[in-house]
Structure formats: C-alpha cells, structure tokens
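So the structure is just underneath, and the comments pick up after that.
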Amino acid sequence: MSTVADDLHHDDHHDHKPSGIKRWLYTTNHKDIGTLYLWFAFIMFLIGGAMAMVIRAELFQPGLQIVDPNFFNQMTTVHGLIMVFGAVMPAFTGLANWMVPLMIGAPDMALPRMNNWSFWILPFAFLILLSSLFLEGGGPNFGWTFYAPLSTTYSNDSTALFVFSVHIMGASSIMGAINVIVTIFNMRAPGMTWMKMPLFVWTWLITAFLLIAVMPVLAGAVTMVLTDKFFGTSFFDAAGGGDPVMFQHIFWFFGHPEVYIMILPAFGIISQIVPTFSRKPLFGYSSMVYATTSIALLSFIVWAHHMFTTGMPLFAEMFFMFATMLISVPTGVKVFNWVATMWRGAISFEVPMLFALAFIVLFTLGGFSGLMLAITPVDFQYHDTYFVVAHFHYVLVTGAVFSIMAAVYYWLPKWTGKMYDETLAKWHFWCSLISVNVLFFPMHFVGLAGMPRRIPDYSLQFADFNQWISIGGFAFGLSQFIFLALLLKACRKEGEPVSDKVWDGAEGLEWEIPSPAPYHTFETPPVVK
Amino acid sequence: MGKAALSALIALFSSAGVLAESAGADPYQLNLTKGVTDISAQVYDLHMTIFYICVAIGVVVFGAMLYAMVFHRKSKGVKPAHFHESVKVEVAWTIIPFIILIFMAVPAAKTLIAMEDTSEADVTILVTGSQWKWHYKYMDNDLEYYSLLATRPEQIGGKYEKGRNYLLEVDRPLVIPTDKKVRFLITSDDVIHSWWVPDFAVKKDANPGFINEAWTKVNEPGIYRGQCAELCGKDHGFMPVVVIAKEPAEYNAWVADQAAAQRRAKEEEQKLLAMNMDMGELMSVGEKVYQSACAACHMPNGEGLPGVFPALKGSKIALTDMPKHIDIVVNGVSGTAMQAFGKQLSLKELAAVITYERNAWGNNTGETVQAKDVNAVMTGK
C-alpha cells in the first residue's frame, strides 16, 4: 500500500477551500465537518458541565441555598439533554466523520452536502433549547425523560421550544446516520470486505441502524407531547382514554437503544486502541462483531426495565428482567476479549491507552451495577435513587466520555501532525480519573441508603457523602480545562511533528496517509489485501 | 471485602467533613437496608448475592488485566504474542456467564412472584399522591386524611437549625398494623408520583387514572420513613412518606379513635354554618392554612412563579370576584396544577384561607368569607 501513500502527498497541492468563516459554513469536507462536530460537542460538554456544577453546588449541603427547586429541575433536565444530544452523540458523529472515510479508504462521506446540513442545524437546536431557559417560567423542568403528564398538562409553554429543538436534533442524527451507512456500504476500498473493516467502523455502522430505527420514535413521542399540551389530544391522559405509562413505553423504546447508541462507538474505539498499545491483534475480532450485533438486537427488547415500578404485569416484569440479564453476556464477551488482547502483549501506557484502560475497568463497574439493576425485585429498591445516577454516569462519563477522550488523544496527532502536550495530557487523565471516582462512587452509597434522584435538598444522613460528591464534581469540571488548554495548543499546531504511523503498534489505513492528514485523502482508492 | 473495613476507611476520611449532629439514620450507611419485612430481607439477600457475584467476576477480570499490565509491559522487554482467536475460549466465556445468570434468575423470579401477590389482604389502604402530598384512605373504615411535609420552611431556608428528621417528617403519618397483610392501592390526582418505603421494599408508581397494587407485612412496630421517588414537579424533594406500624390491638384502637374524631369534626362543621367568624380569627387561621396548602406554588408572598404559577397578590379574582375565587379553591382548575381543595380542607379552613388571600399582601378588600359562603358554592346553592 506504500504506493498509495505516495500518491496522496500530491493532494497537499490542491487544497481548494474558501478561507475564514466561509470555509466552515460551506464546507462539505468530512474532516472539516468532523472538526466542527467535535468542537461543538466540547462546547456543549462545558455548558452541560456548568449546569452540573450548579446542581452540585446546590447539593453541597442540605437546605436550599443557591437556586430554587424549579430552576434546579431545569438544570437537571437541560444538563441531561445537552450531555446526551449535544455532547456525546455529536462527538461520536464527529469522530465518525473524521475517521470512517480514512479507515475504509474513502475520499469523503457519501453525502457531503447533507453532512454539512446535519451539522449546521445542530447549533440552532441547542440555541432554541438554551434560550427557553430565559423565558418567563423557565425552560423544560420535567427531566430529560419528560414523563407525561408532568411534561404536558403540568408544564409551561416553553415545552413547545423543547419539542422543536428535539425534532431538529433528531433530524440531524438521522441524516448523520444515513450518511454513515451509505458511506460504509458503498465507499469501502477494494478488498475491504465486511470482516476486514476496523471495529470502529463496524460499531458505528450498527449504531447508525439503531439511530434510524429509534430517532423517529422519539420524534413521535415529542409530537404527542406537543399535541397533548397544545391541541387537546389525550395520548397520555387517562381522562381522555390515554395512558401516561404508554408515554414511558414509547420513550424507552427509543431510550434504551439510545443508551447503546452512546456506547457502541465507544466499544469500537477501545477495540482500536487496546491492540495498538498491546502490540498484538485484537482478540476475537469476529466475536466482537457478533457481540455488538447481538447487543444492538437485544436493545430493542429490554426497554421496560426502566419501568419496573410502573405496575406492569408479572409476566412483563419477568420477561424484561431475563432479557436485560442476557445483555450482560455479549457485553461480557467484549470485556473478556479486550483483556485477552492485552494478555501476553507488549503493553505501553500512552495517554489514549490510559483512558482506554480506565474505560475497561470503570465501564465494567457500571455494567455490574447495571446487572444489579436488572434484578426486578431489587430494582424496586434501586429505582430512581442515586444508585441509578451512579450507574449511568459510570457507563456514560467513564464509559462514553472517556472513550471519546481516548479517541481524541489517539487520533489528534494524525489530525494535526503534531504530538499533543504529553504533560498536560497526563495531568488531564490523572485529575479526571481521581475526581470522577470521588464524584460518582459515593453516589452508590447514598443511593443504597435511600436518597432519591432529582431532589434539590436531602435529609441530613446524606450530607457528608454529598459534600464529597460535590468536591469530586468541581474537581472533575476543573480538570476539563486542562483538556481545553491542550486542545487549543494542538489547534495552534504546537508540539513535536509525528510520523505517518504515529504509534508503533498502530494498524489500519488511517496510519498510511501522511500526518497531518491532507485536506483530501484517498482520491484514488487504496487496495486492501 | 468486609463492610466494616470500608466503614472504617471512610470514618477515617470523615473527620474532615462537616458532621451533622446525630441524625436519624447513619450518615455512613453504605448498603441497602435489610428492612423489617420478610420480603425486604429476601430483597436484601438477592442484592448481596448479585453483589458478590459481581465482585467475584470483577476480581477475575481486573486481576487478569492487572497481571497483564504489570508483567506484559513493553518496558520489561517482552515480545508480544500473536494469538488472536480461540473458538473454545469464546464459547466458554459465553456459556459460563449464562449459567451464572440462571442461578441468579431463579431466586429473583421467586421473590418477584411473592412481591406481586396482593391477594388475601387484611387491611386495604388507598394511597393517592398529588403535588406535593400523600392522601391515605382506609378502605375498611371511615377514615381518610392528607399527610404533608412537617419540616418548617425556615429550616429548609437555613434560618432555623435542621431537626433530626429533616425532610422526612409529616404532620399525619400513615398508621398500619404489624403482622397483618396490608395492601396498598396506589394512584395519583395529577402527575406521576412513586410511593416508597425502603424498609418495606415497596416502591410503586402512582399513575393518574390508574390504580397500582402493592403489599407489606411488617414484623416489628416502629416508625419507617421514605420519600416520593418519581420526579413530580417543583417540590418533588419535599414529599416524604412516614409510616407507623403498631401492634394490631393498638392499631384498632387508633383507627376507632381517629374515625370518631373525623365524624365529630364533620358535625362541628355543620354548626359553623350558622356562625360568623371575625376577620382576626379568619386571617390567623388563613395564614397557617395558606402556608401549608398554597405557598408551595403561589409562594409565601402571594406572587407566584411567573410563567408557572399565577400570582394572587393583585389578582383580579382575589380582588373582585368572590364566588369565582371560592369556586377555584374548592373545585380546582382542570387542566392545570390547581387542585380542588374542597375535599382537602375543612369549611372553616377554606373560608379562612380565601379570606386571607383577599386581605393579605395589600389585597385589602376588607371582605370576610364565611363557612356558609363556601358551603353555598360546594353544594351549588
């Protein structure tokens, strides 16, 4: 393939692109759009994080000190929405934009204009959502899960803005997913058969199908909320023949696959990084593909484990308990495969690997609490407590977010052509790792001891742990400014130049193009043997 | 690993933290409660079993990982192996977890079946949630009442010191007998709430328009505290559940006593219809009622929350239209968060609180509202 790399060096000479803001507004280049997505996600991560800081400041001690309960509820709601739809999902889409074409040897995404559009509607969606906070009565305050009738009859008029912003986010996600699928199906380099595709590409392909399957369900749910609230329908109102629990069924039919939308690409990233720094091929490649597929399929039949206390029939409770427990089997296979990949490798601990290792341990902890939550009779005790908050933050922060950070450190040298500042990167890792555990681990304890989630004030027995949690939260928030500093340095192209391969153990097409990756790559497809 | 060791570790760190003066429960409770029912004990055992299974898997997986990280390091000069596939191993680590799961699923299913068996109850109580209080109705006796947070707003605001049961205390707890199967029918008047008492391992959503069932059989007399577990709006965090379990004889005496008291109060109320209360009495009763029943939404200063809950201060209805004002308080406003207080408050309390709303915060109408005025609206005369 070395001939391909030689060809690519010519690309540097015809980087036709407008300069300044027009470059970013009009761009159809997958790398530019990937960069836009990633910066957008990072900004949203900081905004959503600032809201978490408000929450943790209020919960620092018992009593109401800083915000009123209505504003507190807006913070928990918008924090959740921003982190899910504004930070984690766009970050993965950004990584897909940058890396999928490079990993399969395609010159760009298949639908570049739609790519531009799917990014540029996102800022408007979040502008609408955030501006609703400044309306009289405030923004959405019914939790990111917007259970009816709290979000219908009992919400204020800003709900309309919430509904429209979710619609736009959904449209953006669907377009992004279509683009990924079409690209992977049609634009693989000659010789890149299905079972030769890198796992990041595989996991994203499956994720994209999940997105197409469930984002329309979310759109349906918000539309029904809109008509129940403003146009007199009764989908979720028993007085008109509807059922508020039906809302939860519809929401979680979207919501549970959504959870895997936020973790499958993470599995892909870890499956790229662990072999590189173990200098050994991924153990059980095909079982990884099958495990990912089965997790995706199972994700459609477990949704009601979020709803065990709603009063389902015994049969349904049993079914969803067993189906949920089953998910731990393919998930376990993945973790075992990563460990087997490391086994008898030659491991080194560069920062992407540090984040990947932290991911494996801490995501697995989140998996354990997930298995505990699957046991219906015990879930009655855990449900809607801080134990659940601990669980999903372990899988989403030390899971999804850590994998995104690992990915950024892994591919950043390829994007900029320069090694990131390793001192800052190590500081970022260790500060994040310690603080994130001070932040989320004690949540298990207060949850088991009986502290409900989404409360602005709590009884005195929870005071000490909440103080620790808040301190961990502030520290984790501050640690992210180290990351910001590092990224700004990287954008100014500071640092040591890197080789094309960057990491000595790296395998794959993305490492055969020059560093930094030229504006146009693979205009002639490489041949994969 | 020993729980004691973990507690000791945490106690070591705690000297730095601000320790609340001996609160109701252990501030370093790390684990689920065993509770006071057979079911809650089974739930606790399930919780511990699955926890130990997870610990065991964790030790094996993280142990192998740690071993590789220490001994298979590049810096030790090891040469990486090249194996990357083994169908046998893959099958093994698919089948073994599956078998462990079956061992877990069987006892879980048994407990679940027992929990959902609400048949043959000795006592049935209808539990109704509304923003932000619980209502208890004894289906076998003529007894029903509301149960509201009893913690003073000054404690929440930090003006007074917080008491031992801060946020976990109510004005009228639910009382149930020990050693009897008590069935709860759970529903809601407005949004979804969730009735939860950890010591009973009972948590069930209160869905508007639908009735859920749960049951408990408490082994030991005592006071058991819980909270609403489903986000139900602004004061979700201020909606505790307190249950007192009494010996059956004591319980029966209590029920008879309460039912008689409730009957007497209703008779008293009829006498009120012929009487006029003076402004001073109405205002002082009214203020108390307002603070407990109305201030959560309309705020202690009557200004409401703009865009969410309307202001009463300077409101047209509170200043002019008295019949409409009574109607709203008594019957509520459908399709909004305004509840019907006709069944929640006595005639005297209704008269007093409406008088208060028409004369407080500069709403100086100078008018009093009497019990008979309220009764006229309630009975449609």
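Points to keep in mind about this one:
- Dipole moment magnitude, nearest 20 debye, chain B about Cα centre, only Lys, Arg, Asp, Glu C-beta charged: 1280 debye
- Percent of C-alpha pairs per 10 Å bin, region A:304-384, short to long: 16, 38, 23, 16, 7, 1
- Between 0 and 90°, nearest 10: helix B:38-71 axis offset from chain B longest Cα axis: 40 degrees
- Intensity falloff of chain B expressed as log10 I(q)/I(0), Debye formula with alpha-carbon point scatterers, at q = 0.06, 0.09, 0.12 Å⁻¹: -0.37, -0.70, -1.05
- In sequence order, calculated HN-Hα J values of region A:498-505 (Karplus, 6.51, -1.76, 1.60; Hz; x Gly/Pro): 10, 6, 4, 7, 6, 9, 5, x
- The tail of the calculated P(r) for region A:428-529 beyond 21 Å holds 60 percent of all Cα-Cα pairs.
- Between the alpha-carbon centres of region B:25-39 and region A:294-368 there is a gap of 28 Å.
- Counting only residues at least eight positions apart within a chain, or on another chain, the lysines with an alpha carbon under 16 Å from that of B:K74 are A:K280.
- If the convex hull is drawn through the Cα atoms of region B:194-350, its volume per residue in Å³: 162 Å³
- Shown in residue order for region B:157-165 are the 3J(HN,Hα) couplings computed by the Karplus curve 6.51 cos²θ - 1.76 cosθ + 1.60 at θ = phi - 60°: x, x, 6, 9, 5, 7, x, 4, 10 Hz (x for Gly and Pro).
- Under 12 Å from B:K204, Cα to Cα: aspartates and glutamates that are on another chain or at least 8 residues apart: A:D379, A:D384, B:E116, B:E213, B:E230
- Distance distribution P(r), region A:217-338, all Cα-Cα pairs, bin width 10 angstrom from 0: 12, 32, 26, 17, 9, 3, 0 percent.
- Shape annotation for region A:290-343: C-alpha extents along the principal axes are 46, 17, 14 Å, from largest to smallest.
- When each of A:T233, A:T309 is scored by the number of other beta-carbon atoms lying within 10 Å, the sequence from fewest to most is A:T233, A:T309.
- In summary, the lysines within cross-link reach of A:K17, defined as a Cα separation below 18 angstrom excluding same-chain residues under 8 places away, comprise A:K31.
- Separation between Cα centres of region B:125-141 and region A:68-112, rounded to whole Å: 44 Å
- Per residue, the average separation of C-alpha pairs within less than 8 Å and at least 6 apart gives region A:242-348 a relative contact order of 41 percent.
- A simple charge model with +1 on the Cβ of Lys and Arg, -1 on the Cβ of Asp and Glu and nothing else charged puts the dipole of chain A at about 640 debye relative to its Cα centre.
- Close amide H pairs (under 5 Å, H built 1.01 Å from N) link B:M338 with B:V333, residues at least 5 positions away or on another chain.
- Sorted by Cβ density within 10 Å, fewest first, the residues A:M288, A:M99, B:M275, A:M246: B:M275, A:M246, A:M288, A:M99
- Computed [θ] at 222 nm, helices only, for chain B once each DSSP H run of length n ≥ 4 contributes -39500 (n - 2.57): -13000 deg cm²/dmol
- Across A:K529/B:K76; B:K133/B:K348; B:K203/B:K234; A:K414/A:K529; B:K217/B:K266, pairs whose alpha-carbon gap is larger than 25 Å: A:K529/B:K76; B:K217/B:K266
- The C-alpha atoms of chain B define a longest principal axis, and helix B:347-359 lies at about 80 degrees to it.
- Between 0 and 90°, nearest 10: helix B:3-14 axis offset from chain B longest Cα axis: 60 degrees
- Kyte-Doolittle at least 1.6, axis length at least 24 Å by Cα - qualifying DSSP helices, chain A: A:159-186, A:199-230, A:351-374
- Placed amide H near B:V241: partners under 5 Å, 5+ positions off or other chain: B:G226, B:Q227, B:C228
- Compactness index (Cα Rg / 2.2 N^0.38 Å), the protein assembly as shown: 1.02
- Part-to-part distance (alpha-carbon centres) for region B:170-201 and region A:429-450, which is given in Å: 32 Å
- Contact order normalised by residue count of chain A, Cα under 8 Å, 6+ apart, percent: 20 percent
- Stokes-Einstein D in µm²/s, Kirkwood radius over Cα pairs - region B:189-249 at 25 °C with 0.890 mPa s viscosity: 194 µm²/s
- With helices as the sole contributors, chain A gives -21500 deg cm²/dmol at 222 nm; each DSSP H run of n ≥ 4 counts as -39500 (n - 2.57), and the sum is divided by every residue.
- Cα gyration tensor category, rounded, prolate or oblate, for chain A with a/c compared to 1.5: prolate
- In region B:299-381, the convex hull through the Cα atoms has an average projected area of 5.3 nm², a quarter of its surface area.
Just so you know, all these numbers are worked out from the coordinates, no wet-lab data involved. None of the values given here were measured: they were computed from a predicted structure. Quick reminder, even Gly has a Cβ in these numbers, built from the backbone with ideal geometry, and neighbours come from all protein chains shown.
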